[in-house]
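Q: Mind having a look at this structure? Questions to follow.
Every read-out reported here was derived from the displayed coordinates using simple, explicitly stated rules and does not represent laboratory data. All values reported here derive from a predicted model rather than from experimental measurement. All Cβ positions, even for glycine, are placed from backbone atoms using ideal geometry, and neighbour counts span all protein chains on display.
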Number of protein chains: 2
Amino acid sequence: MAQAMHEFDLIARIAARAGTGAAARADVVLGIGDDAALLRPPAGERWLAVSSDTLNVGVHFSVDDDPADLGWKALAVNLSDLAAMAAEPAWCLLALSLPSPDPVWLDGFLDGFEALRGAHGLALVGGDTTRGPLSITVTVIGSVGAGQALRRSGARAGEDIWVTGTLGDAAAALVWSAEAGCPAELRQRLRRPTPRVEAGQALQGLASAAIDVSDGLLADLGHILVASGVGAEIELAGLPCSPALAAVAEGRQRWQWQCGGGDDYELCFTAPVDQRAAIMTALAAVGVSRIGRVRAEPGLRVIDPAGRPWQPQSIGYRHFAEVCE
Amino acid sequence: MAQAMHEFDLIARIAARAGTGAAARADVVLGIGDDAALLRPPAGERWLAVSSDTLNVGVHFSVDDDPADLGWKALAVNLSDLAAMAAEPAWCLLALSLPSPDPVWLDGFLDGFEALRGAHGLALVGGDTTRGPLSITVTVIGSVGAGQALRRSGARAGEDIWVTGTLGDAAAALVWSAEAGCPAELRQRLRRPTPRVEAGQALQGLASAAIDVSDGLLADLGHILVASGVGAEIELAGLPCSPALAAVAEGRQRWQWQCGGGDDYELCFTAPVDQRAAIMTALAAVGVSRIGRVRAEPGLRVIDPAGRPWQPQSIGYRHFAEVCE
């Protein structure tokens, strides 16, 4: 049974968990508790990198989902955006809409949020708590050396296309979510994705363009291609597959999950051919696979292991899939 | 009749209205359209000031409200937070959850949002568009000279308490909203509040503490008192009242709206007595009224025109007013 809580109690609870002011980071002048946070900009020739992402109940997650997983994921999807820019995270803000001020739910949510926040040395410096249908918007701010960020627009014909980690696990878990027996490794990938923050920064000077795989490999790679004015060819045989996924799916079903499934939060990036050895070394810890080539001709060709063109059923998640009239 | 729109269409529509990259501000390296925005930090010894605020349908506004008013207000409440810190706004992010991708609604929303954004030379550099119950979270980032920000914690016994503009208009309009005949001046104050951005910056070096009046004068002043470890005495006779409000309310009803009504977005601030003349000059354009004194004794006393203590029915808006079990 939840107790009555007011907004200021919620904020106090969040602030107590997050730590405030100088306790959080040396560059936090003033954290949670005033009209705005005050932050020291990064020293040296650095740019700020800023991103916001929202998760809504019934759209991005179910009301029954573990609040700790939601707390983790709400931050993870934002850190993933900074990772794709090769930026170093510094601060975040949490805007939380809750149908009721439930301290048990909030503590669970903060368990997951704080675990990931702490792992990245990020300070929670502000936000909002309001009444409304469950919705979580996180804003992350980081920094990157001037001119060092990885944009979507830098891919050039002849370059390699790479992806970190493995693809398709989260999509498989999403399909399985209504049923019992989903392998724990797959479920973990969906619920607690690992933002590739260190990998992103390691790609400075090596990669030419990058994006995180949130909507699906083909959809997200498509953004790089459009922004760069190029095309690409992807080989299904090269797509990295976890042992857990390999054990439960093969062929078209697996390819579909690997190409069209979102929520993996791996990095897809392009790089000149002469960077192959350096990339393998820099990303040895997380794992990295070469999956195709950038081409001058527009369009995205997918080649199956027999060398034939392959057409996915769906290229990825679109946020407003329904036609409304 | 709305047309089908996908997330990327919505983002394109927003980006087209907002302008991107260097077109927006010289310090925007990369705006809407990548995984994160890239921004040049302010030059010189300046700190960043950052704040997020959410407006939810059914809580902060009605589904029937004019989308242009919502667009204005969603940004205004955030700019008001920067104003209360004496910060200069620079950039913002817009996270928009919509039940359906309705371009007519979006264009209306952007009419109001863009009008206020343009007036303050702010760049819209990112955000998110997702499906969900109508919810708007704006994050604003600005800067303020190192050590020049106005915090809640700086009030000292013996200082004056001031407020900009007039109080109670928005509260009166809120009560009236279900009925016809609300004077246009009052309705305008509720729907299109003016964030006191220039006034806030003008108070650098003059005020000792500041907050914006979003939840009600007494509730918000209370935050200053708690943060500063002081008390205060307020004189009802000194509360600034617009001609429109004076024409429709007097006595207890008016005081209640002026003391307990939120949504005015005026600045309440404290300042040493020897700054009176300078404050009157600096804030002549917006108008400013001396409404009380900071006291060493804790607590907030309200004095009516006859010199008697006055007890409001409610001290202001609390975001989670219901008890939930």
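Q: In nm, one decimal, shortest first: how far is the label point of residue B:158 (7 Å from Cα along Cα to beta carbon) from the matching points in the other copies?
A: 7.6
Q: Given contacts defined as C-alpha pairs under 8 Å and at least six residues apart, what's the relative contact order of the range A:122-210, whole-number percent?
A: 40
Q: Express as a percent, rounded to the nearest 5, the fraction of DSSP beta bridges in chain B (both residues included) that run antiparallel.
A: Close to 75 percent.
Q: Among all helices in chain A defined by DSSP H, which have a length of 15 Å or more along the axis from Cα atoms plus a Kyte-Doolittle mean of at least 0.5?
A: Length and hydropathy pass: A:7-18, A:67-84, A:217-228.
Q: Something else now. Is the shape of chain B best called rounded, prolate or oblate, per the rule: a/c under 1.5 gives rounded, else a/b larger than b/c gives prolate, else oblate, with a ≥ b ≥ c the square roots of the Cα gyration tensor eigenvalues?
A: The shape class here is oblate.
Q: Which of A:75, A:118, A:313 sits farthest toward the positive end of the charge dipole of chain A, with +1 on the Cβ of Lys and Arg and -1 on the Cβ of Asp and Glu?
A: Farthest towards the positive end: A:313.
Q: Mind checking B:139-145 for the average number of partner chain beta-carbons within 10 Å of each residue's beta-carbon?
A: Counting other chains' Cβ atoms within 10 Å and averaging over B:139-145 gives 4.
Q: Next question. Please compute, for peptide B:122-135, the average count of beta-carbon atoms on other protein chains lying within 10 Å of each residue's beta-carbon.
A: The per-residue average across the peptide is 6.
Q: Can you pull the mean other chain C-beta count within 10 Å for peptide B:86-95?
A: Per residue, the average neighbour count from other chains is 3.
Q: When each copy gets a label point 7 Å from Cα toward the beta-carbon at residue A:250, what are the spacings between them in nm, shortest first?
A: 9.0
Q: Follow-up question, since we're still on this one. Kindly give the distances from residue B:306 to its copy-mates, label point to label point, with each label point 7 Å from Cα along Cα→Cβ, as nm values to one decimal ordered shortest first.
A: Taking the point 7 Å beyond Cα along Cα→Cβ, the inter-copy spacings are 9.7 nm.
Q: Projected onto the charge dipole of the range B:169-251 (+1 at Lys/Arg Cβ, -1 at Asp/Glu Cβ, origin at the Cα centre), which of B:218, B:248, B:238 gives the Cα projection farthest towards the positive end?
A: Farthest towards the positive pole: B:248.
Q: For all pairs of alpha-carbon atoms in the protein assembly as shown, what percent lies in each bin of width 10 Å, listed from the first bin to the last filled one?
A: Percent of pairs per bin, in order: 3, 16, 26, 25, 16, 8, 4, 1, 0, 0.
Q: Now for a different question. Mind running the shape call on the range B:9-108? Use the C-alpha gyration tensor, a ≥ b ≥ c as the square roots of the eigenvalues: rounded below 1.5 for a/c, prolate if a/b tops b/c, oblate otherwise.
A: oblate
Q: Additional query: Compare A:81, A:263, A:66 in a GNM of chain A, Cα atoms joined below 10 Å, and give the one with the largest fluctuation.
A: A:66
Q: Find the relative contact order for chain B and round it to a whole percent, using C-alpha pairs within less than 8 Å whose residues are 6+ positions apart.
A: 21
Q: Let me ask something additional. Would you mind putting B:52-63, A:156-167 in packing order, based on average other-beta-carbon counts within 10 Å, highest first?
A: Going by the mean number of other Cβ atoms within 10 Å, highest first, we get A:156-167, B:52-63.
Q: Of the beta bridges DSSP finds with both residues in the range B:71-212, what % are antiparallel, to the nearest 5?
A: In the range B:71-212, approximately 55 percent of DSSP beta bridges are antiparallel ones.
Q: In a Gaussian network model over chain B where Cα atoms closer than 10 Å are linked, find which of B:91, B:72, B:176 has the largest mean-square fluctuation.
A: B:176
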